[in-house]
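Below is one structure; the comments refer to it alone.
The values are calculated or read from the model by the stated rules, or taken from the named source; none is laboratory data. What you see is a predicted model; the values in this text were computed from it and never measured. Note that each Cβ is placed from the backbone with ideal geometry, even for glycine, and that neighbours are counted across all protein chains shown. These area figures cover heavy atoms from the full protein model, side chains too; ligands, DNA and RNA do not enter into them. Shrake-Rupley method; radii C 1.70, N 1.55, O 1.52, S 1.80 Å.
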Amino acid sequence: MPEPQQPVVPSEGLAVLHLFCRLRPHADREAVTVAVKQGGDGEHQVVPFSVLGHKADLGFLAIGPDLRQLRRLQRDLQAAGLEIADSYVSLTEVSEYAKEVPERAKRERLYPTLPPDGMPALCFYPMSKRRNVGQNWYTLPYDQRLELMYDHGKSGRAFAGRVLQLVTGSTGLDDFEWAVTLFGVHPDDLKECVHTMRFDAGSALYADFGPFTTGLVAPLDEVLDEVGLT
Ligand code: FEC
């Protein structure tokens, strides 16, 4: 018998896999249900959501310590008849500008419990900070970046209770530098939050955004009903 493969875990925090899927004609509801159940094994959480628009039918935010477990979820969903239309890989992190935040908040950044209650509206997009000539985030002195991120955090905190943000790092792992997942009470909470934060100097001058996807978070059965997988 071959040795079972060793888990691949970050030294701190959790791995995050966003999967955006399309239903193939032979998709099997029971097999999708088993895949999600096995994927969320206690240490790992799988948050299902239906997707509006043409980019996908449904999605899964899978988060946990072992990248191999996340990969198995991807395999099992594909075997159940879902096609991966898009995906994103990232890791939870405490920003280098969040050294002063309380330990409890830092732990929540590294080990979040998802999905938040009463926040069914979801949007996902990747983003990076610019490295243009004359507009390069990475050549700014640390104190200036800290000040910009402090203002960013201040404008973000105005959305407490309406928006929960999950900003996970993907430098070296995927095409952009962060994955941004926002959970909102109402869809316009998401829109207002992103709009407001675009005026933060740190975003207005230095942020580049990838494509946005909007979803509706619900228990798996409801998501599967919503996308018509009977
Ligand atoms: O270099 C880095 O480490 C920067 C990582 C970073 C990105 C980022 C992007 C967005 N955030 C958005 C929403 C919020 C809301 C809150 C909030 C707070 C912070 C803090 C840090 C931080 N954010 Fe951020 N954000 C990044 C980093 N952000 C640091 C303050 C410390 C902390 O809370 O961890 C308020 C959260 C709360 O207190 O409940 C809301 C949104 C984006 C993407 C759009 C944009 O940048 O304009 C939305 C990257």
Tell me yes or no: at least one residue of the stretch 124-138 is exposed (fewer than 15 other Cβ atoms within 10 Å of the Cβ), without any contact (Cβ under 8 Å) to a residue 12 or more places away in the chain and of a type in the set (Phe, Trp, Tyr). yes
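Which of the following residues is in contact (Cβ under 8 Å) with a residue 24 or more places away in the chain, within 22 Å of Val16 (Cα to Cα) and β-branched (Val, Ile, Thr): Thr214, Thr230? Break it down stepwise before answering.
Numbers: Thr230 fails: within 22 Å of Val16 (Cα to Cα).
It is Thr214.
Considering Leu182, Leu173, which residue is under 24 Å from Lys99 (Cα atoms), open to solvent by 60 Å² or more (accessible area, probe 1.4 Å) and in the same structural domain as Leu122 (by TED's automatic domain parsing)?
Working: Leu182 fails: open to solvent by 60 Å² or more (accessible area, probe 1.4 Å).
Selected residue: Leu173, the only one of Leu182, Leu173 that is under 24 Å from Lys99 (Cα atoms), open to solvent by 60 Å² or more (accessible area, probe 1.4 Å) and in the same structural domain as Leu122 (by TED's automatic domain parsing).
Among the residues of the stretch 198-212, which ones are of a type outside the set (S, T, N, Q) and closer than 13 Å to Trp178 by Cβ? Don't jump to the end; show me each part of the working.
Residues of the stretch 198-212 of a type outside the set (S, T, N, Q): 198-202, 204-212.
If the condition is that a residue be of a type outside the set (S, T, N, Q) and closer than 13 Å to Trp178 by Cβ, then Gly202, Tyr206, Ala207, Asp208, Phe209, Gly210 are the ones that fit.
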Subset tally (residues that are open to solvent by less than 80 Å² (accessible area, probe 1.4 Å), more than 17 Å from His195 (Cα to Cα) and near the ligand (Cβ under 8 Å from one of its atoms)) for the stretch 141-165: 1
Matching residues in the stretch 139-156 - criterion: being in contact with a Cys (Cβ under 9 Å, 6 or more places away or on another chain) and either free of Cβ contacts under 8 Å to residues at least 24 places away in the same chain or outside the structural domain of Glu177 (by TED's automatic domain parsing) (or both): none
If you take the residues in the stretch 60-86 that are touching a residue at least 60 places away in the same chain (Cβ under 8 Å) and touching a helix residue (DSSP H, G or I) at 6+ places or on another chain (Cβ under 8 Å), which one is surrounded by the fewest Cβ atoms within 10 Å (Cβ to Cβ)? Ile84
Name the helices (runs of 4 or more DSSP H) wholly within the stretch 171-230 that hold at least 1 residues that are among the β-branched types (Val, Ile, Thr) and more than 14 Å from the chain's Cα centre (by Cα)? 187-198, 220-226
From the option list Met127, Met119, single residue qualifying as away from the ligand (no atom under 11 Å from the Cβ), at pLDDT 95 or above and within 22 Å of Met197 (Cα to Cα) is Met119
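What do you reckon, is Leu52 more than 16 Å from the ligand (Cβ to nearest atom) and touching a strand residue (DSSP E or B) at 6+ places or on another chain (Cβ under 6 Å)?
Numbers: more than 16 Å from the ligand (Cβ to nearest atom): yes; touching a strand residue (DSSP E or B) at 6+ places or on another chain (Cβ under 6 Å): yes.
Taking the combined requirement at face value, the residue satisfies it.
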